[in-house]
Amino acid sequence: MSASVPRLVIAAPSSGSGKTTVATGLMAAFAAWGLAVSPHKVGPDYIDPGYHALATGRVGRNLDAYLCGAELVGPLFLHGAQGCDIAVVEGVMGLYDGAAGEGELASTAHVAKLLRAPVVLVVDASSQSRSVAALVHGFASWDPEVRVGGVILNKVASDRHEELLREALEQAGVPVLGVLRRAAQVSTPSRHLGLVPVAERQGAAVEAVTAMAAQVADGCDLEALEALARTAGAVPGGSAPWT
């Protein structure tokens with residue numbers, strides 16, 4: 001199989017920024033285009049992949065550099081993405097948050113580098129305007145090996161708010177690939193361990209994924225996101241040894 005499947009990593013400055021909404025919605029939107037979408041999640045999370053499976057019709061797979069070792073992240077990704085047109089990887093926590101006391105190990109940034117995948121940064125833009133440029137610039141420049149290819153602004157209040165954010169981000173040099181308004185209908189109930197599992201929500205989970213897909217399709221530049229995914233090079237390590 002090809003070791004250069006188009007791919008994106010969906011990351012954020014912190015938890016609660018909207019990664020799951022964007023990643024799941026993007027998976028579903030791409031699938032609605034007729035693409036075979038390979039869904040992945042950074043870390044050992046077992047709940048988000050359930051939503052990813054609903055969005056794509058494929059098994060959601062984990063990519064955990066801590067549990068499986070960094071050397072297997074590429075082969076495991078390629079095994080899961082076999083036969084797919086595009087892959088979407090949802091990050092964990094903040095972009096640079098890794099295993100405690102282990103530096104970048106198992107962070108979203110670490111996995112993005114292992115996959116040589118462009119990163120899309122989801123930013124909760126509520127309660128800020130020009131400051132968003134400083135935030136995005138900081139995340140995009142912190143590690144030169146992490147390629148932040150674009151930003152999706154979440155929880156934008158109005159057209160005027162969007163205008164201010166876009167003006168500010170022109171100075172950061174990172175393109176805006178999507179703008180999502182505040183929308184309670186796409187929220188997913190959570191508890192202390194994260195989202196409520198799909199099996200416990202049944203029909204409500206399907207409705208939530210449908211709403212996420214509609215919001216992302218309406219607010220994001222899907223063509224630009226697909227084009228960014230296609231800039232990813234070959235995954236280091238080549239094909240999975242068991243394929």
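Restricting to bridges with both residues inside the chain, how much of the DSSP beta-bridge set is antiparallel, in percent to the nearest 5? For the chain, the DSSP antiparallel bridge percentage is about 10.
Springs join every pair of Cα atoms under 10 Å in this Gaussian network model of the chain, and among P175, P39, P49 the largest mean-square fluctuation is at P175.
Here's how it looks for N62: its modeled amide H is under 5 Å from those of K41, which are all 5 or more places away or on a different chain. A simple rule links phi to the HN-Hα coupling: the Karplus curve 6.51 cos²θ - 1.76 cosθ + 1.60 with θ = phi - 60°, which for segment 74-86 gives x, x, 5, 4, 5, 4, x, 8, 4, x, 9, 8, 7 Hz, with x for Gly and Pro.
What's the longest piece of the chain with no exposed trypsin sites (Lys or Arg not before Pro), counting a site as exposed if DSSP puts it in a loop and it has at most 15 other beta carbons within 10 Å?
Numbers: sites that count: R130, R182, R230.
No qualifying site falls inside 1-129, the longest such stretch.
State, as an integer percentage, the relative contact order of the chain based on alpha-carbon contacts under 8 Å between residues 6 or more apart.
Working: 505 pairs, mean separation 68.9, N = 243.
Once divided by the residue count of the chain, the mean separation gives 28 percent.
Just check segment 37-76 against the gyration tensor rule for me: Cα atoms, a ≥ b ≥ c as the square roots of the eigenvalues, rounded for a/c under 1.5, and otherwise prolate or oblate depending on whether a/b exceeds b/c. Here segment 37-76 falls in the oblate category. Residues considered: G16, G25, G178. Largest GNM mean-square fluctuation over the chain, using C-alpha springs under 10 Å, is found at G16. Computed over segment 77-148, relative contact order equals 22 percent, with contacts defined as Cα pairs under 8 Å that lie 6+ residues apart.
Where in the chain is the longest stretch that carries no GluC sites (Glu not before Pro) classed as loop by DSSP and with at most 16 other Cβ atoms within 10 Å? Before the final figure, lay out the partial values.
Details: sites that count: E102, E145, E170.
In the chain, the maximal stretch lacking such sites is 1-101.
Under 18 Å of direct C-alpha separation, and excluding same-chain neighbours fewer than eight residues apart, K155 reaches these aspartates and glutamates: D124, E163, E167, D218, D221.
Here P(r) over Cα pairs in 10 Å bins from 0, in percent was computed from the coordinates, and among [x] 5, 15, 21, 22, 19, 15, 3, 0; [y] 8, 31, 38, 18, 4, 0; [z] 8, 35, 38, 18, 2, 0 the match is [z]. Would you list, by chain and number, the aspartates and glutamates whose Cα falls below 15 Å from the Cα of K41, excluding same-chain residues fewer than 8 positions away? The qualifying aspartates and glutamates are D64, E90, D97. Of the solvent-accessible surface of segment 1-159, computed with a 1.4 Å probe over protein heavy atoms with every protein chain present, carbon and sulfur atoms account for 53 percent. Couplings for segment 37-48, taken from phi via the Karplus curve 6.51 cos²θ - 1.76 cosθ + 1.60 with θ = phi - 60°, read 10, 9, x, 9, 9, 6, x, x, 3, 10, 8, 3 Hz in order; Gly and Pro are left as x. For segment 107-156, the Kirkwood estimate of hydrodynamic radius, built from reciprocal distances between every pair of different alpha carbons, is 11.5 Å.
Within the assembled protein chains, the solvent-accessible surface assigned to L228 is about 20 Å², based on a 1.4 Å probe.
Under a 1.4 Å probe, what is the accessible area of the chain per residue, stated in Å²? It would help to have the intermediate numbers written out before the result.
Details: 10380 Å² over 243 residues.
Ligands and nucleic acids excluded, the result is 43 Å² per residue.
Dividing the mean sequence gap of close Cα pairs (under 8 Å, 6+ apart) by how many residues segment 1-64 holds gives a relative contact order of 26 percent.
Applying the Karplus relation 6.51 cos²θ - 1.76 cosθ + 1.60 with θ = phi - 60° to segment 148-154 yields 3J(HN,Hα) values of 7, x, x, 10, 10, 8, 10 Hz, where x marks Gly and Pro. For a test of the definition: using alpha carbon positions, the gyration tensor, and the 1.5 limit on a/c, classify segment 1-128 as rounded, prolate or oblate. Oblate, since a/c reaches 1.5 and b/c is not below a/b. What the Cα convex hull of segment 44-98 gives, in volume per residue, is 90 Å³. Mean residue ellipticity, 222 nm, helices only, the chain: the sum of -39500 (n - 2.57) across DSSP H runs of n ≥ 4, divided by residue count and rounded to 500, is -11500 deg cm²/dmol.
The values are calculated or read from the model by the stated rules, or taken from the named source; none is laboratory data. Owing to the predicted nature of the structure, the values given are computational and were not obtained by experimental measurement. A quick note on method: Cβ atoms are made from the backbone with ideal geometry, for glycine too, and the neighbour counts reach across all protein chains shown. In case anyone asks, the SASA skips ligands and DNA or RNA and just uses the protein heavy atoms, side chains included. Shrake-Rupley method; radii C 1.70, N 1.55, O 1.52, S 1.80 Å.
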